[in-house]
Amino acid sequence: MTEWEIWVTIGALAVATAATRSSFWLIGHHITIPKRVQEMLRFAPACALAAIIAPDLLLGAGGQLSLSGQNFKLIAGLAAIAYYLFRRNMLETIIFGMLFFTVLRLSLA
Amino acid sequence: MTGTGDQPPGVPPARPDDEDEALWREGVKAGIPTLFGIGAWGLVVGVAMVKSGLTIVQALGMTLLVFGGSAQLASLPLIAAGAPIWVVFATALVVNLRFVIFSALLAPHFAHLPALKRFLLGYTAGDMTVALFLQRFPSEEPARGKVSYLKGLLIPNWTSWQVGSIAGVFLGSAVPPEWGLGFAGTLAILCIMVPLTVNKAALCGVLVAAATAVLAYELPYKLGLLAAVLVGMLAAMFVEETLEKYNIGKRAKSGGGEHD
């Protein structure tokens with residue numbers, strides 16, 4: 001992306017924040033969201049986040065599927081999920097996952 | 001005991017004061033335990049922004065204008081890969097959809113405020129703020145100091161996020177790329193994603209979306225990502241409805257739907 005394209009992108013992201021966080025505030029009065037729509041609004045962010053990190057965790061440097069023990073990010077990512085389920089703490093999980101990843105990288109590479 | 005009252009009929013009773021020093025302090029106190037975590041989350045996003053190739057000025061602009069960690073993290077690999085702007089925008093919108101539910105819950109408390117103030121309060125209210133506010137004020141009824149309490153949550157939250165994020169931007173540009181600090185962004189997304197995966201249907205959606213994203217990775221313009229969200233969401237809704245039907249069927253068979 002060129003310099004100005006990145007700034008336009010940043011502007012678009014600000015619009016995305018405003019549209020999702022402020023729109024109901026501007027409408028004001030109470031609105032009940034139907035159950036099916038609530039489901040969509042709940043499921044979609046989890047799916048989007050999964051779709052964003054899956055290639056980083058599952059694909060090797062050349063873009064090919066890598067499910068072996070040589071894929072340190074995948075192993076560290078799975079360990080981090082287990083740690084988060086156990087402790088429910090984001091900061092600890094990030095530190096744990098980075099340490100796990102770094103130890104694997106330095107000892108096995 | 002004057003009988004007729006002081007106010008003519010039809011005039012609603014005066015609304016309690018929005019601002020109250022004591023409620024502001026109470027809000028600040030309620031938010032304090034979360035501030036360290038918010039700052040650290042900002043730090044991770046700050047590091048991830050410069051590690052993905054944004055300049056320091058761009059990263060600072062992004063953190064100050066966008067103020068949305070998960071959407072920022074989501075946008076970074078897309079920006080780095082040169083995806084079209086509308087794809088980045090659509091992705092951020094989808095990641096932010098959870099805020100639509102939150103804002104629908106919070107907004108009616110403040111419907112009487114001027115539009116600009118409502119806009120700004122909504123813009124700065126993230127996950128943590130909404131949760132803590134609704135714990136303290138579950139009812140939409142007017143109550144003294146609601147605005148003060150919300151500000152007591154918002155302002156320290158915003159400040160610790162920005163301080164962490166700006167520190168991350170400068171820290172990230174000083175750390176060598178071999179450390180793989182960008183991976184911290186992926187780990188942070190995991191920590192947001194896991195609690196959003198609330199039931200079997202959501203888990204199914206997450207797995208389908210992940211598989212689709214990998215299989216469709218080579219699609220042009222990073223469209224694989226949006227395809228993955230769509231397929232994952234439909235899978236989750238299908239599972240949810242199937243499980244519901246199955247449960248209703250089971251209840252009917254066991255004789256009457258009243259008991260659980």
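Computed about the Cα centre, the dipole magnitude for the protein assembly as shown is approximately 520 debye when only Lys and Arg (+1) and Asp and Glu (-1) carry charge, each at its Cβ. Largest mean-square fluctuation among A:Pro45, A:Pro55, A:Pro34, in a Gaussian network model of chain A whose springs join Cα atoms under 10 Å apart, belongs to A:Pro34. Is the shape of chain B rounded, prolate or oblate, going by the alpha carbon gyration tensor and its root eigenvalues a ≥ b ≥ c, with a/c under 1.5 for rounded and a/b larger than b/c for prolate? Judged from the Cα gyration tensor, chain B comes out oblate (a/c at least 1.5, b/c at or above a/b). Note on chain B: GNM, Cα springs under 10 Å; of B:Asn157, B:Asn199, B:Asn247, the largest mean-square fluctuation is that of B:Asn247.
Note that region B:182-192 has calculated 3J(HN,Hα) couplings of x, 4, 4, x, 4, 5, 5, 4, 4, 5, 7 Hz, one per residue in order, obtained from phi through the Karplus relation 6.51 cos²θ - 1.76 cosθ + 1.60 (θ = phi - 60°); glycine and proline are x.
Provide A:Ile52, A:Ile75 in ascending order of the number of other Cβ atoms located within 10 Å of each residue's Cβ, fewest first. Please list the in-between numbers first.
On the way: A:Ile52 28, A:Ile75 17.
The fewest-first ordering by Cβ neighbours comes to A:Ile75, A:Ile52.
Using the rule -39500 (n - 2.57) for each DSSP H run of four or more residues, divided by the residues of chain B, the 222 nm mean residue ellipticity is -24000 deg cm²/dmol. Here the 3J(HN,Hα) profile of region B:103-119, calculated from phi with Karplus coefficients 6.51, -1.76 and 1.60 at θ = phi - 60°, is 5, 5, 6, 8, 4, x, 5, 10, 4, 7, 7, x, 4, 5, 5, 4, 4 Hz, Gly and Pro shown as x. Backbone N atoms of region B:111-131 closer than 15 Å to the 7 Å Cα→Cβ label point of A:Ser23 belong to residues B:123.
Anisotropy class assigned to region B:197-250 is prolate, per the alpha carbon gyration tensor with a/c at or over the 1.5 cut-off and a/b larger than b/c.
Projecting the Cα atoms of B:Thr55, B:Asn157, B:Leu219 onto the dipole axis of the protein assembly as shown, where Lys and Arg carry +1 and Asp and Glu carry -1 at the beta carbon, places B:Leu219 farthest toward the positive end. Overall shape: oblate for region B:51-106, with the ratio a/c of the largest to smallest alpha carbon gyration tensor axis at 1.5 or above and b/c at least equal to a/b. Model label sites at B:Ala14 and B:Glu178, defined 7 Å from Cα along the beta-carbon direction, differ in position by 7.0 nm. The charge dipole of chain A, taken about its Cα centre with unit charges on the Cβ of Lys, Arg, Asp and Glu (plus for the first two, minus for the last two), comes to roughly 440 debye.
Of the residues A:Gly69, B:Ser75, B:Val94, the one whose Cα sits farthest toward the positive end of the charge dipole of the protein assembly as shown, with +1 on the Cβ of Lys and Arg and -1 on the Cβ of Asp and Glu, is A:Gly69.
Once R0 is set to 45 Å, what does the formula 1/(1 + (r/R0)^6) return for the Cβ-Cβ distance between B:Leu219 and B:Arg136, expressed as a FRET efficiency to the nearest 0.05? Plugging the Cβ-Cβ distance into 1/(1 + (r/R0)^6) gives 0.45. Extending 7 Å from Cα along the Cβ direction at B:Lys245 and again at B:Val198 yields two label points whose distance is 2.3 nm. Rounded to the nearest 20, the size of the Cβ-charge dipole of region B:197-250 about its Cα centre is 80 debye, with Lys and Arg at +1 and Asp and Glu at -1. Looking at region B:193-260, which GluC sites (Glu not before Pro) are in a loop (DSSP not H, G, I, E or B) and have at most 10 other Cβ atoms within 10 Å? Those satisfying the criteria are B:Glu218, B:Glu258.
Couplings 3J(HN,Hα) of region A:84-89, computed from phi: 5, 4, 7, 9, 6, 9 Hz, in residue order, whole Hz [Karplus 6.51 cos²θ - 1.76 cosθ + 1.60, θ = phi - 60°; x for Gly and Pro]. Loop-located trypsin sites (Lys or Arg not before Pro) in region B:165-260 (DSSP state other than H, G, I, E, B) with a sparse environment of at most 11 neighbouring Cβ atoms within 10 Å are absent.
Sorting B:Leu196, A:Leu78 from the fewest to the most surrounding beta carbons within 10 angstrom yields A:Leu78, B:Leu196.
Rule-based calculations on the coordinates, nothing more; no lab input. These numbers come from a predicted model, not from an experiment. Every residue, glycine among them, receives a Cβ derived from its backbone with ideal geometry; neighbour counts consider all protein chains shown.
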